[in-house]
Amino acid sequence: MASGDTELDDFQRKVKTFFHQTLPEALDQQSPSASTLERAKNWRQLLFDHGLAGLDYPVDCGGLGLSPAFNAVYQEQSRGLVPREEAVFGISVGMALPTIRDHGSDELKQRFIKPGLRGDEIWCQMYSEPGAGSDLASLGTKAVLDGDEWIISGQKVWTSGAQHSDFAILLARTDTSLPKHRGITMFVLPMHQDGVDVRPLVQMTGVSEFNEIFLDEARIPRSWVVGEVNGGWATAVALLAHERRQTGVASMSGDESQLSKAGRSPIPVAQLIDVARTRDRITDATVRQELARLHAGERIVAWLGHRDVSPSIGKLWRTRQGRAAANVAGQLAFPASPAWRSDLGDPANQLDDYLAYHILNCRGMSLGGGTDEIQRNTLGERVLGLPREPGPDRSTPFNQLPTN
Ligand SMILES: Cc1cc2nc3c(=O)[nH]c(=O)nc-3n(C[C@H](O)[C@H](O)[C@H](O)COP(=O)(O)OP(=O)(O)OC[C@H]3O[C@@H](n4cnc5c(N)ncnc54)[C@H](O)[C@@H]3O)c2cc1C
């Protein structure tokens, strides 16, 4: 056997032991009163300390420097076993850190990658604004250089997890005389400072997952730019590719034994099968057919993770899977789901509460990370080579664009 295969076999055993022995033991010892955030941080620290975080990150900034084959083994062995609290780090580990790894300066890599992988620091993504969602390049938050600092003013919205984040990947406009895609810069913004006002928004699920943020002369060290000044569009698109991969393929591997409201994954089919059994619907032909479709969908999303396809395909599959799972959940939870209220608080209702949460939550999956329509535009333009959407504002300086 080649030495590479032996290493992969050893690694496979290590991942198996971690998920089937180390992690369950650690979870058993965890205080039942630990908050979601504490559980999340404990999990991430355990993963890091057992040499399983940052597989494909360079060794000199806290990673393990392993090839993609090791990542594939990890994905396969951890499927269905990762605690759902990992969602707390979806933006850190899935988006911000890989962007810093690929485009950040040595200073940023040394400062941020290791604590991020270990879960000591949590990140959010400050892209969207009230007037800039799908048309992200219209963003108006300003960054002005003042000596050794950038001064940031503006408003962001839909910022997931900002209420417990330490740092943000921020897009801001640094030159209004350039066309809208060319005067944007990506920064690392420290969240704990005057000038960053985070206000939670309550969603229809009853959970406050995202926020609006008012930036009033917030400060960033001059060197905390990711990529080039005014070259932020390229790094923004690179992060979006990570986001689509993350919210598509990677989101399907959560612990199937948990009834958690963390994260934006579809309800796992294994859970729905259990519910169908306990509610005596497992022989219902319609339910069976839907469950079979869902099972096939889960496998397809997993296989897409092994292929070098556009991340938009995985994301579209995932959102479709989320809606299909919510549809089955609606049948299984009827009539409790339409009568659901988030404040019922009775442990006997926990399952219906969980199902109803996902029935409502799945709609947001089609928006966050770029809407389904935008994924289709991306596939049409970048993969199929169809003509671009007409964009008369692409060459006009930002400060000459009409405003309303
Ligand atoms: C759960 C959730 C979490 C989020 N988390 C974050 C976050 O952490 N950070 C962050 O920055 N943002 C976040 N967002 C914001 C998200 O990125 C935006 O909602 C999304 O990009 C759409 O922007 P919008 O809401 O302004 O809708 P709009 O852009 O106004 O779109 C409205 C509708 O028009 C359609 N549309 C718009 N333009 C086109 C076009 N060119 N072609 C075809 N159809 C089009 C859209 O598909 C959509 O159906 C989150 C959103 C959700 C729902």
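The values are calculated or read from the model by the stated rules, or taken from the named source; none is laboratory data. Not measured: the values here are computed from a predicted model. Glycine gets a Cβ as well: all are built from the backbone with ideal geometry, and neighbour counts include every protein chain shown.
I'd like the full set of residues that are in contact with a helix residue (DSSP H, G or I) (Cβ under 6 Å, 6 or more places away or on another chain) and outside any helix (DSSP H, G or I), limited to the range 306-336. If the condition is that a residue be in contact with a helix residue (DSSP H, G or I) (Cβ under 6 Å, 6 or more places away or on another chain) and outside any helix (DSSP H, G or I), then Ser310, Ala336 are the ones that fit. Just one of the listed residues (Ile313, Ile374, Ile273, Ile300) is within 16 Å of the ligand (Cβ to nearest atom) and hydrophobic (A, V, I, L, M, F, W, C), and it is Ile374. From the list Thr378, Thr396, the lone residue that is over 25 Å from Glu290 (Cβ atoms), modelled with pLDDT of 90 or more and not assigned by TED's automatic domain parsing to the domain that holds Gly297 is Thr396. Does Leu355 count as at pLDDT 90 or above and either in contact with a helix residue (DSSP H, G or I) (Cβ under 8 Å, 6 or more places away or on another chain) or over 24 Å from Thr159 (Cβ atoms) (or both)? Considered against the rule, which asks whether it is at pLDDT 90 or above and either in contact with a helix residue (DSSP H, G or I) (Cβ under 8 Å, 6 or more places away or on another chain) or over 24 Å from Thr159 (Cβ atoms) (or both), Leu355 comes out as no.
Each row is one residue, and each column tells you yes or no for (1) under 15 Å from Asp197 (Cα atoms); (2) more than 12 Å from the ligand (Cβ to nearest atom).
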| position | (1), (2) |
| --- | --- |
| Trp150 | no, yes |
| Val157 | yes, no |
| Ser160 | yes, no |
| His164 | yes, yes |
| Leu171 | no, no |
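Taking the range 344-366 as the range and being of a type outside the set (Lys, Arg), within 13 Å of the ligand (Cβ to nearest atom) and free of Cβ contacts under 8 Å to residues at least 60 places away in the same chain as the test, only Ser366 passes. Figure legend. Inter-residue proximity from the range 53-71: first residues closer than 15 Å to Arg118 by Cα, second residues part of a helix (DSSP H, G or I) and of a type in the set (Lys, Arg), beta-carbon distance below 6 Å, spacing 6+ or different chains. Indicated pairs: Tyr57/Arg101; Cys61/Lys109; Gly62/Lys114. Annotation: Ile113 fulfils all but one of (1) among the hydrophobic types (A, V, I, L, M, F, W, C); (2) more than 21 Å from Gly364 (Cβ to Cβ); (3) within 16 Å of the ligand (Cβ to nearest atom); the unmet one is (3). On the given criteria, is Glu149 more than 17 Å from the chain's Cα centre (by Cα) and not polar (S, T, N, Q)? Here the answer is yes, as Glu149 does meet what is asked.
Can you find even one residue in the range 208-220 that is at pLDDT below 95, within 12 Å of the ligand (Cβ to nearest atom), of a type outside the set (Asp, Glu) and in contact with a Phe, Trp or Tyr (Cβ under 7 Å, 6 or more places away or on another chain)?
Yes, some residue in the range 208-220 is at pLDDT below 95, within 12 Å of the ligand (Cβ to nearest atom), of a type outside the set (Asp, Glu) and in contact with a Phe, Trp or Tyr (Cβ under 7 Å, 6 or more places away or on another chain).
Identify the residue in the range 381-404 that is assigned to a helix (DSSP H, G or I) and without any contact (Cβ under 8 Å) to a residue 12 or more places away in the chain and, among all such residues, is farthest from the ligand (Cβ to nearest atom). For the range 381-404, the residue satisfying everything is Gln400.
Of the residues that make up the range 132-146, is at least one within 15 Å of the ligand (Cβ to nearest atom), of a type in the set (Val, Ile, Thr) and over 17 Å from the mean Cα position of the chain (by Cα)? Scanning the range 132-146, I find at least one residue that is within 15 Å of the ligand (Cβ to nearest atom), of a type in the set (Val, Ile, Thr) and over 17 Å from the mean Cα position of the chain (by Cα), so the answer is yes. A Cβ distance below 8 Å, combined with a sequence gap of six or more or placement on separate chains, defines the contacts here; from the range 205-216, residues that are outside any strand (DSSP E or B) reach residues that are hydroxyl-bearing (Ser, Thr, Tyr) and within 12 Å of the ligand (Cβ to nearest atom) in the pairs Glu209/Ser160.
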